[in-house]
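Okay, so here's the structure we're looking at.
The values are calculated or read from the model by the stated rules, or taken from the named source; none is laboratory data. Computed from a predicted structure; not experimentally measured. Because the Cβ atoms are built from the backbone with ideal geometry, glycine has one as well, and the counts that use them run over all protein chains shown.
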Amino acid sequence: MKLNIWKSFNENGSVSNTLSLQGLKWGTAVRRGYLEMIPLFGNLCPTRTFAPPASALRLTEVTNYGQMILENQSKLPTIVPLHLGYFQNAAQNHAMCVSAILDAGESREFKDACCIQAAQGGYIEEADERFIILPQPLRAKALALRGEENYSKLWGDITNFNKQIGLKERGHLDELKRAYQPELLQTVYHLEPYPNQTGAIFLSNNTVVGIEIAPDPEFWQELHTPLVMYCYAPLRLINRIKGIEPFQAETLEIDKLKTLEDLSLAWSELEARREQRIQKLMQQIQDLTIVKRTVEEQQNNNQLLTIEMANFVGQMVMRDNKVVYVSLSRF
């Protein structure tokens, strides 16, 4: 089915807060227990307009606690994914509170980053290309702290998050990886990216919790695993530890099937019910309106904005007044 992305600007350039998901299509949803992914397809701009993040970005230095330098080593501009972070041995782990647009070869210091490991000393001198995305329950909190230069500002929220997933109550996000890495990886295997996928709607127990859209399939390919593994897979842990019953999605009843024709008919009915549910969810997304927008950065014809909607907050990048990147989380 075809979608419309937010039409933040009308053809005459005036601001509009209505939703328009034009140019994207959704595919067959995949689910593992509490967590479900609806894949999105369709380029929002020509391929390789932006370099994919893992290939382009390097954390070259932590100049002080809560202050980090990112370098775009590509010959193309790139988008720093919202809430990108790094785990590194024997050094203080850090994460961003914001997204950013980096020009080709640009190196920039971000002084409002946050330490995500309370007791570990030492600075990361240079990190490899593997990055994380902050867990979904921390994202709205981190975004609200943008601009605040305080390296320990997220420790209390990390402590509460660790409590939710049955870990020690301290400001160490690396506890998530140590305790649950095999299970996090299994979720990635179940929710593998589709060929030519450019985004996804993530659901926890049939409630939309995240909207993620990349400029093109190559960008998404490098963003998909950190998003699934570190951002959304922890929601499965929270639901399970709370003892919440998993949402019972559409299932194929086979007990009364006698012939291949019966099976074919039952399968068609199952697909129709599934599509009806997904259409209803997508309509809810399209009905969302932007209640507040703040321009955070302007670089040539690219613009970074923070946007707030009913129950969602995040950032998006626009190029020539057209959306090319979106990351929204339910709060």
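Of the helices (runs of 4 or more DSSP H) lying entirely inside region 153-257, those containing at least 3 residues that are modelled with pLDDT under 95 span 174-190. There is no residue in region 42-58 that is of a type in the set (S, T, N, Q), at pLDDT 95 or above and buried (at least 21 other Cβ atoms within 10 Å of the Cβ).
Within region 310-322, if we keep just the residues that are among the aliphatic types (A, V, I, L, M) and under 16 Å from the mean Cα position of the chain (by Cα), the residue that is nearest to L203 (Cα to Cα) turns out to be V313.
Each row is one residue, and each column tells you yes or no for (1) in contact with a Gly (Cβ under 9 Å, 6 or more places away or on another chain); (2) closer than 19 Å to E36 by Cβ; (3) without any contact (Cβ under 8 Å) to a residue 24 or more places away in the chain; (4) not acidic (D, E).
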site	(1), (2), (3), (4)
E222	no, no, no, no
E253	no, no, yes, no
L257	no, no, yes, yes
Q279	no, yes, no, yes
L288	no, yes, no, yes
V291	no, no, no, yes
V313	no, no, no, yes
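Condition test on Y180, is it more than 20 Å from T28 (Cα to Cα) and among the hydroxyl-bearing types (S, T, Y)? In short, yes. Of all positions in region 305-324, none carries a residue that is in a helix (DSSP H, G or I) and not hydroxyl-bearing (S, T, Y).
Taking region 183-208 as the range and being without any contact (Cβ under 8 Å) to a residue 60 or more places away in the chain and crowded, with 16+ Cβ neighbours inside 10 Å as the test, the residues that pass are L184, V188. Condition (residue is part of a loop (DSSP other than H, G, I, E, B), modelled with pLDDT of 95 or more, at negative phi and over 20 Å from the mean Cα position of the chain (by Cα)) applied to region 60-68: is it met by at least one residue? Scanning region 60-68 turns up no residue that is part of a loop (DSSP other than H, G, I, E, B), modelled with pLDDT of 95 or more, at negative phi and over 20 Å from the mean Cα position of the chain (by Cα). Here R31 meets the list (1) under 18 Å from Q221 (Cβ atoms); (2) modelled with pLDDT under 95 almost entirely, failing just condition (1). Only one entry in Y180, Y151 is of a type in the set (S, T, Y) and either over 20 Å from the mean Cα position of the chain (by Cα) or surrounded by fewer than 19 Cβ atoms within 10 Å (Cβ to Cβ) (or both), namely Y151.
Residues in region 62-92 that are touching a helix residue (DSSP H, G or I) at 6+ places or on another chain (Cβ under 6 Å) and either under 18 Å from P226 (Cα atoms) or in contact (Cβ under 8 Å) with a residue 60 or more places away in the chain (or both) were compared, and the one that is surrounded by the fewest Cβ atoms within 10 Å (Cβ to Cβ) is F87.
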